[in-house]
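Below is one structure; the comments refer to it alone.
The values are calculated or read from the model by the stated rules, or taken from the named source; none is laboratory data. This is a predicted model, so every value here is computed, not measured. Here the Cβ positions follow ideal geometry from the backbone for every residue, glycine too, while neighbour counts run over all protein chains shown.
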Amino acid sequence: MGNATGIARKAGALFALISGLGIGVAQASCPAPDKLKATSFERHFIQEKHVSGLNKPLRSEGQMSVSEKEIVWHMSKPFDVKTTMSSTGITQSVDGGEPVSVGPESSDIAGGIAKSMASMMRGEWSTLEKIFVVDASPVPAEGDWVVRLTPHDERLGALIGKITIHGCTDVNQVNIERPDGDGETIRFDPVKL
């Protein structure tokens, strides 16, 4: 039982820390990616992690909530793991259990992770320019806009690779391409304010 909980906790941490964003409907005219309005919201997500050597991607789904104080990444399938990130740290609970401190011990690091994820979801690209090269393609006449994030720090780049964010009125999909060939796609339902 303890081993299964440990695996679920690790899987939840991996999905939560790597991830962040969405699924919207393409519209005739999307606002620029820096015009996103939502600051607090909930999003259903489906995440697929593509791992070399596996025939099918690892799939999870759940609910993400963003507020001024914290981000909650609640994976409900295939495991029930709730990860909460705030300026005070990162906690997880498995199957509704007591939250346990996980991840970086420094509240500065945990706060930085939470702030970066919130900035991506809110379209606060200038905040992300401290960590990433932010390349926003011109907004097309039809379809989604695209923003690419490439880490300034080579060590971070070796860990997470490149992030491509798609959206229209909000972020609807995030693709993570890792240097080792693995990757992830996270799709979000539209924002519920």
Six or more apart or on different chains, Cβ atoms under 6 Å: show the pairs whose first residue is in the range 94-110 and within 17 Å of His74 (Cβ to Cβ) and in a loop (DSSP other than H, G, I, E, B) and whose second is at pLDDT 70 or above and among the small types (Gly, Ala, Ser).
Pro99/Ser93
Only one of Asp144, Asp170, Asp135, Asp153 is closer than 18 Å to Glu68 by Cβ, modelled with pLDDT of 80 or more and not aromatic (Phe, Trp, Tyr); which?
Asp170
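Can Ser116 be described as within 21 Å of Thr185 (Cβ to Cβ), modelled with pLDDT under 85 and either touching a helix residue (DSSP H, G or I) at 6+ places or on another chain (Cβ under 6 Å) or not in a loop (DSSP other than H, G, I, E, B) (or both)? Spell out the reasoning first.
On the way: within 21 Å of Thr185 (Cβ to Cβ): yes; modelled with pLDDT under 85: yes; either touching a helix residue (DSSP H, G or I) at 6+ places or on another chain (Cβ under 6 Å) or not in a loop (DSSP other than H, G, I, E, B) (or both): yes.
Yes; evaluated as a whole, the condition is true for this residue.
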For the range 164-191 the number of residues that are crowded, with 20+ Cβ neighbours inside 10 Å and assigned to a loop (DSSP other than H, G, I, E, B) is 3
For the condition modelled with pLDDT under 80 and either in contact with a Phe, Trp or Tyr (Cβ under 7 Å, 6 or more places away or on another chain) or surrounded by fewer than 12 Cβ atoms within 10 Å (Cβ to Cβ) (or both), what is the one hit in Ile7, Ile23?
Ile23
If you scan the range 26-41, which residues turn out to be at pLDDT below 75, touching a helix residue (DSSP H, G or I) at 6+ places or on another chain (Cβ under 7 Å) and either surrounded by fewer than 16 Cβ atoms within 10 Å (Cβ to Cβ) or among the aromatic types (Phe, Trp, Tyr) (or both)?
Thr39
Specify which of the listed residues (Glu98, Glu105, Glu70) is more than 16 Å from Gly167 (Cβ to Cβ), modelled with pLDDT under 80 and charged (D, E, K, R).
Glu105
